[in-house]
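The values are calculated or read from the model by the stated rules, or taken from the named source; none is laboratory data. None of these values were measured; they are calculated from a predicted model. Methodologically, a virtual Cβ is constructed for each residue, glycine included, from the backbone with ideal geometry; neighbour enumeration extends over all protein chains shown.
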Amino acid sequence: MTISHMMATVTSAAASQAVAAAVAHAAKRGAAVVAAVVDVSGDLVACLRADGAFSASVEIARDKAWTAAVFKTSTDDLAAALSHREVLREGIALRPGVVLFGGGLPIVENGQIVGAIGVSGGSEDDDRAAAAAGLAVLGPTPA
(Lines give C-alpha, C1' and ligand atoms only; values in the text may rest on other atoms or scores of the structure.)
Protein backbone atom coordinates (compact mmCIF):
# COMPACT_ATOMS: atom_id res chain seq x y z
CA MET A 1 0.00 0.00 0.00
CA THR A 2 1.24 3.48 -0.89
CA ILE A 3 0.77 5.95 1.94
CA SER A 4 1.90 9.15 0.27
CA HIS A 5 1.82 10.99 -3.04
CA MET A 6 3.68 13.88 -4.60
CA MET A 7 1.84 17.13 -5.21
CA ALA A 8 3.04 19.66 -7.77
CA THR A 9 2.85 23.24 -6.56
CA VAL A 10 3.54 26.70 -7.95
CA THR A 11 7.09 27.99 -7.54
CA SER A 12 7.94 31.24 -5.79
CA ALA A 13 9.48 32.53 -9.04
CA ALA A 14 6.26 31.90 -10.97
CA ALA A 15 4.16 33.35 -8.15
CA SER A 16 6.27 36.52 -8.11
CA GLN A 17 5.90 36.96 -11.88
CA ALA A 18 2.15 36.43 -11.68
CA VAL A 19 1.51 38.99 -8.93
CA ALA A 20 3.72 41.57 -10.66
CA ALA A 21 1.87 41.10 -13.96
CA ALA A 22 -1.52 41.30 -12.25
CA VAL A 23 -0.68 44.54 -10.41
CA ALA A 24 0.81 46.08 -13.58
CA HIS A 25 -2.26 45.14 -15.64
CA ALA A 26 -4.61 46.67 -13.09
CA ALA A 27 -2.52 49.86 -13.02
CA LYS A 28 -3.00 50.22 -16.79
CA ARG A 29 -6.75 50.12 -16.09
CA GLY A 30 -6.36 52.78 -13.38
CA ALA A 31 -6.86 50.38 -10.46
CA ALA A 32 -4.56 49.99 -7.47
CA VAL A 33 -4.87 46.34 -6.45
CA VAL A 34 -3.33 43.62 -4.36
CA ALA A 35 -2.45 40.32 -6.02
CA ALA A 36 -1.75 37.14 -4.07
CA VAL A 37 -0.67 33.68 -5.16
CA VAL A 38 -1.13 30.61 -2.99
CA ASP A 39 0.16 27.09 -3.45
CA VAL A 40 -1.96 24.02 -4.10
CA SER A 41 -2.78 23.78 -0.38
CA GLY A 42 -3.83 27.42 -0.15
CA ASP A 43 -0.72 28.72 1.63
CA LEU A 44 0.58 32.14 0.59
CA VAL A 45 3.55 32.11 -1.80
CA ALA A 46 3.63 35.72 -3.04
CA CYS A 47 1.73 38.95 -2.47
CA LEU A 48 2.15 42.39 -4.00
CA ARG A 49 0.26 45.52 -2.95
CA ALA A 50 0.22 48.42 -5.39
CA ASP A 51 0.83 51.89 -4.07
CA GLY A 52 -2.53 53.22 -2.93
CA ALA A 53 -4.27 49.85 -2.76
CA PHE A 54 -6.64 49.37 0.16
CA SER A 55 -5.10 47.53 3.09
CA ALA A 56 -8.23 45.35 3.34
CA SER A 57 -7.48 44.10 -0.17
CA VAL A 58 -4.46 42.16 1.09
CA GLU A 59 -6.60 39.64 2.94
CA ILE A 60 -9.34 39.63 0.32
CA ALA A 61 -6.86 38.86 -2.48
CA ARG A 62 -5.38 36.03 -0.45
CA ASP A 63 -8.86 34.69 0.31
CA LYS A 64 -9.80 34.77 -3.38
CA ALA A 65 -6.66 32.79 -4.21
CA TRP A 66 -7.26 30.38 -1.31
CA THR A 67 -10.85 29.77 -2.44
CA ALA A 68 -9.77 29.07 -6.04
CA ALA A 69 -7.02 26.70 -4.88
CA VAL A 70 -8.92 24.62 -2.35
CA PHE A 71 -12.16 24.41 -4.33
CA LYS A 72 -10.15 23.90 -7.55
CA THR A 73 -12.19 26.38 -9.58
CA SER A 74 -12.49 30.11 -10.14
CA THR A 75 -14.36 32.12 -7.54
CA ASP A 76 -16.90 33.03 -10.26
CA ASP A 77 -17.47 29.38 -11.19
CA LEU A 78 -17.84 28.37 -7.55
CA ALA A 79 -20.45 31.09 -7.02
CA ALA A 80 -22.33 29.94 -10.13
CA ALA A 81 -22.20 26.29 -9.05
CA LEU A 82 -23.74 27.22 -5.71
CA SER A 83 -26.30 29.69 -7.05
CA HIS A 84 -29.13 27.14 -7.16
CA ARG A 85 -28.53 25.73 -3.68
CA GLU A 86 -29.17 28.53 -1.18
CA VAL A 87 -28.43 26.51 1.96
CA LEU A 88 -25.19 25.18 0.52
CA ARG A 89 -24.18 28.60 -0.84
CA GLU A 90 -24.83 30.29 2.49
CA GLY A 91 -23.07 27.54 4.42
CA ILE A 92 -19.95 27.70 2.27
CA ALA A 93 -19.96 31.51 2.09
CA LEU A 94 -19.92 31.71 5.88
CA ARG A 95 -16.73 29.63 6.14
CA PRO A 96 -13.66 31.74 6.97
CA GLY A 97 -11.65 32.70 3.91
CA VAL A 98 -14.24 31.76 1.28
CA VAL A 99 -14.93 34.36 -1.42
CA LEU A 100 -17.79 34.00 -3.90
CA PHE A 101 -17.11 36.91 -6.26
CA GLY A 102 -14.74 37.46 -9.16
CA GLY A 103 -10.98 37.72 -9.02
CA GLY A 104 -9.77 34.27 -7.98
CA LEU A 105 -8.40 31.83 -10.57
CA PRO A 106 -6.66 28.47 -10.26
CA ILE A 107 -3.17 28.08 -11.72
CA VAL A 108 -3.10 24.96 -13.88
CA GLU A 109 -0.06 23.16 -15.26
CA ASN A 110 -0.40 20.01 -17.35
CA GLY A 111 -4.01 19.62 -16.30
CA GLN A 112 -3.19 19.81 -12.59
CA ILE A 113 -3.99 22.69 -10.25
CA VAL A 114 -0.72 23.87 -8.70
CA GLY A 115 -1.97 27.00 -6.97
CA ALA A 116 -4.18 30.02 -7.51
CA ILE A 117 -4.10 33.79 -7.91
CA GLY A 118 -6.44 36.28 -6.29
CA VAL A 119 -6.75 39.99 -7.00
CA SER A 120 -8.63 42.61 -4.99
CA GLY A 121 -8.93 46.37 -4.97
CA GLY A 122 -10.46 47.28 -8.30
CA SER A 123 -13.91 46.68 -9.66
CA GLU A 124 -14.85 43.03 -10.00
CA ASP A 125 -14.04 43.29 -13.73
CA ASP A 126 -10.65 44.90 -12.95
CA ASP A 127 -9.87 42.10 -10.49
CA ARG A 128 -10.86 39.40 -12.99
CA ALA A 129 -8.80 40.96 -15.77
CA ALA A 130 -5.75 41.42 -13.54
CA ALA A 131 -5.93 37.82 -12.31
CA ALA A 132 -6.14 36.63 -15.93
CA ALA A 133 -3.10 38.77 -16.79
CA GLY A 134 -1.24 37.18 -13.90
CA LEU A 135 -1.98 33.75 -15.31
CA ALA A 136 -1.11 34.80 -18.85
CA VAL A 137 2.45 35.78 -17.90
CA LEU A 138 3.03 32.16 -16.84
CA GLY A 139 2.43 31.05 -20.42
CA PRO A 140 -0.11 28.69 -21.91
CA THR A 141 -0.76 25.56 -19.92
CA PRO A 142 -3.06 22.73 -20.92
CA ALA A 143 -6.20 22.76 -18.81
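If I go through segment 64-96 residue by residue, how many of them are in a helix (DSSP H, G or I) and either free of Cβ contacts under 8 Å to residues at least 40 places away in the same chain or farther than 17 Å from I113 by Cβ (or both)? Going through segment 64-96 one residue at a time, the tally reaches 16. Taken across segment 82-98, residues that are closer than 20 Å to V33 by Cα and surrounded by 15 or more Cβ atoms within 10 Å (Cβ to Cβ) do occur, with at least one present.
With the structure loaded, tell me whether D51 is surrounded by fewer than 17 Cβ atoms within 10 Å (Cβ to Cβ), assigned to a loop (DSSP other than H, G, I, E, B) and charged (D, E, K, R) or whether it fails that test. Spelling it out, D51 is indeed surrounded by fewer than 17 Cβ atoms within 10 Å (Cβ to Cβ), assigned to a loop (DSSP other than H, G, I, E, B) and charged (D, E, K, R). Would you call L138 more than 12 Å from the chain's Cα centre (by Cα) and part of a strand (DSSP E or B)? It is false that L138 is more than 12 Å from the chain's Cα centre (by Cα) and part of a strand (DSSP E or B).
For V10, are the conditions met, namely being closer than 20 Å to T73 by Cα, at pLDDT 95 or above, crowded, with 24+ Cβ neighbours inside 10 Å and out of contact with any Lys or Arg (no Cβ under 8 Å at 6 or more places or on another chain)?
So V10 fails the test.
Scanning segment 40-67 for residues that are touching a Gly at 6+ places or on another chain (Cβ under 7 Å) and farther than 14 Å from V19 by Cβ turns up V40, F54, D63, W66, T67. Pairs meeting the criteria (first residue in segment 45-56 and farther than 20 Å from A116 by Cα, second residue modelled with pLDDT of 95 or more and not in a loop (DSSP other than H, G, I, E, B), beta carbons under 7 Å, at least 6 apart or on different chains) are A53/V34. Residues of segment 59-81 that are more than 19 Å from V10 (Cβ to Cβ), of a type in the set (A, V, I, L, M) and either under 9 Å from the mean Cα position of the chain (by Cα) or crowded, with 16+ Cβ neighbours inside 10 Å (or both): I60, L78, A79. Comparison of A116, A129 shows that the only residue that is within 14 Å of A22 (Cβ to Cβ), in contact with a His (Cβ under 8 Å, 6 or more places away or on another chain), at pLDDT 95 or above and crowded, with 16+ Cβ neighbours inside 10 Å is A129.
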